[in-house]
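Take a look at the structure below.
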Amino acid sequence: MNQACERYETVQIEGLVLQALWNRIRGHDKILSSPLFPAVGAFLTHILLCAPFFVLDSLGCVCQRIRLCRISDNRNSPYIMRRWLDCFRRILFNYLKAVLPITALFQSTRSPKLPDLAPSCWQLFVEVFACLLLFDTLFYFWHYSMHRIQWLYQNIHQVHHHNQIPFALAAQDASSAELLSLLLLALSSAWVVGSHPLSEVLFHLINSWLAVEDHCGYDLPWSLHRLLPCLGGAPYHQAHHRLYRGNYAPYFTHWDHVFGTHIEGG
């Protein structure tokens, strides 16, 4: 009886915390409902999540311990700075040229009204997990198609593979068509699941982080793929960049095992 009461109180406290968080977020409803929010939010989130790996890349030039965590050899400092800057320019240009206007048009078709109530913890977990599974599935088949259909590879996906040794910022170093397609896949996944806006925001954050970690080039002791064996992580995705085939899923590995496209990372 006491344990049941404690669980009930815990659920109530968690619900109050989520509601307080949602109330604070909902106070910025004009920003959340802005047609520019998805693209601007995706770009800024990506840059912020990449910042720690930029520091690691910079320090790796003088710190042997950091270099040991890299899957491939590090490069000299001037080259690191130049490739990060060049990559930043390409991503910014693609966002301004295509991603921002198209996603603004997509966002304008969605209801601007935000719900008053926050989701329960269970609803938040289920919706985020469902979004991750759906996006992972859609991405796998889209990525597989871009490698198997020559026209798609040459005109859409080939740009992403000029980074044979990827780094964090390169997660979005792709053609404007590919960047746009992946952002629309993420938005569509949340729409199909029918996610609460708070669940959708958390899904996009996790999705962005997993993409950055997959491309970061580091096999760190605390990387998510070491904690969750169902994830491929940076070694898994770097094998794809090295061989130009296999490991097509963005973070989970089950579809690659099912369809025989799995390649050992490293």
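Identify all residues within region 179-211 that are acidic (Asp, Glu) and in contact with a His (Cβ under 8 Å, 6 or more places away or on another chain); write none if there are none.
Step one: filter region 179-211 for residues acidic (Asp, Glu), giving 200.
None; the set is empty.
Identify, by number, the condition in (1) touching a residue at least 12 places away in the same chain (Cβ under 8 Å); (2) surrounded by fewer than 22 Cβ atoms within 10 Å (Cβ to Cβ) that His215 doesn't meet.
The one condition His215 does not meet is (2).
Which residue pairs have Cβ atoms closer than 6 Å, lie 6 or more positions apart in sequence or on different chains, and pair a first residue in region 93-106 that is surrounded by 15 or more Cβ atoms within 10 Å (Cβ to Cβ) with a second residue that is not in a helix (DSSP H, G or I)?
Cβ pairs passing all conditions: Ala104/Pro35; Ala104/Leu36.
Which of the residues belonging to region 110-133 are at pLDDT 95 or above and either buried (at least 19 other Cβ atoms within 10 Å of the Cβ) or not in a helix (DSSP H, G or I) (or both)?
Glu127, Val128, Cys131, Leu132, listed by residue number.
Among the residues of region 223-243, write down those that are under 17 Å from Ala211 (Cβ atoms), assigned to a helix (DSSP H, G or I) and touching a residue at least 24 places away in the same chain (Cβ under 8 Å).
Scanning region 223-243 gives Gly233, Ala234, Pro235, Tyr236, His237, Gln238, Ala239, His241.
Mind checking whether some residue in region 84-99 is in a loop (DSSP other than H, G, I, E, B), of a type in the set (A, V, I, L, M) and modelled with pLDDT of 85 or more?
Scanning region 84-99, I find no residue that is in a loop (DSSP other than H, G, I, E, B), of a type in the set (A, V, I, L, M) and modelled with pLDDT of 85 or more, so the answer is no.
Just to be sure before I move on: is Ser199 hydroxyl-bearing (Ser, Thr, Tyr), assigned to a helix (DSSP H, G or I) and within 26 Å of Leu68 (Cα to Cα) in the structure I sent?
The answer is no for Ser199.
Inside region 55-74, can you point out the residues that are surrounded by fewer than 13 Cβ atoms within 10 Å (Cβ to Cβ) and either under 18 Å from Gln164 (Cα atoms) or not hydrophobic (A, V, I, L, M, F, W, C) (or both)?
Gln64, Arg65, Asp73
Table: residues versus (1) touching a residue at least 24 places away in the same chain (Cβ under 8 Å); (2) of a type in the set (Gly, Ala, Ser); (3) over 23 Å from His204 (Cα atoms).
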{"residue": "Leu134", "(1), (2), (3)": "yes, no, no"}
{"residue": "Phe139", "(1), (2), (3)": "yes, no, no"}
{"residue": "His147", "(1), (2), (3)": "yes, no, yes"}
{"residue": "Gln154", "(1), (2), (3)": "no, no, yes"}
{"residue": "Gln158", "(1), (2), (3)": "no, no, yes"}
{"residue": "Gln164", "(1), (2), (3)": "yes, no, yes"}
{"residue": "Leu169", "(1), (2), (3)": "yes, no, no"}
{"residue": "Leu187", "(1), (2), (3)": "yes, no, no"}
{"residue": "Ala190", "(1), (2), (3)": "yes, yes, no"}
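For region 31-49, which positions are touching a Leu at 6+ places or on another chain (Cβ under 9 Å) and at pLDDT 90 or above?
Within region 31-49, Phe43, Thr45, His46, Ile47, Leu49 meet the criteria.
Each row is one residue, and each column tells you yes or no for (1) under 25 Å from Asp86 (Cα atoms); (2) crowded, with 19+ Cβ neighbours inside 10 Å; (3) of a type in the set (A, V, I, L, M); (4) modelled with pLDDT of 85 or more.
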site	(1), (2), (3), (4)
Ala171	yes, yes, yes, yes
Leu179	yes, yes, yes, yes
Ser188	no, no, no, yes
Val192	no, no, yes, yes
Leu210	yes, yes, yes, yes
Gln238	yes, yes, no, yes
Tyr251	no, yes, no, yes
Gly260	no, no, no, yes
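The values are calculated or read from the model by the stated rules, or taken from the named source; none is laboratory data. Here the structure is a predicted model, which means the values were calculated and not measured. Every residue, glycine as well, gets a Cβ built from its backbone with ideal geometry; the counts of neighbours run over all protein chains shown.
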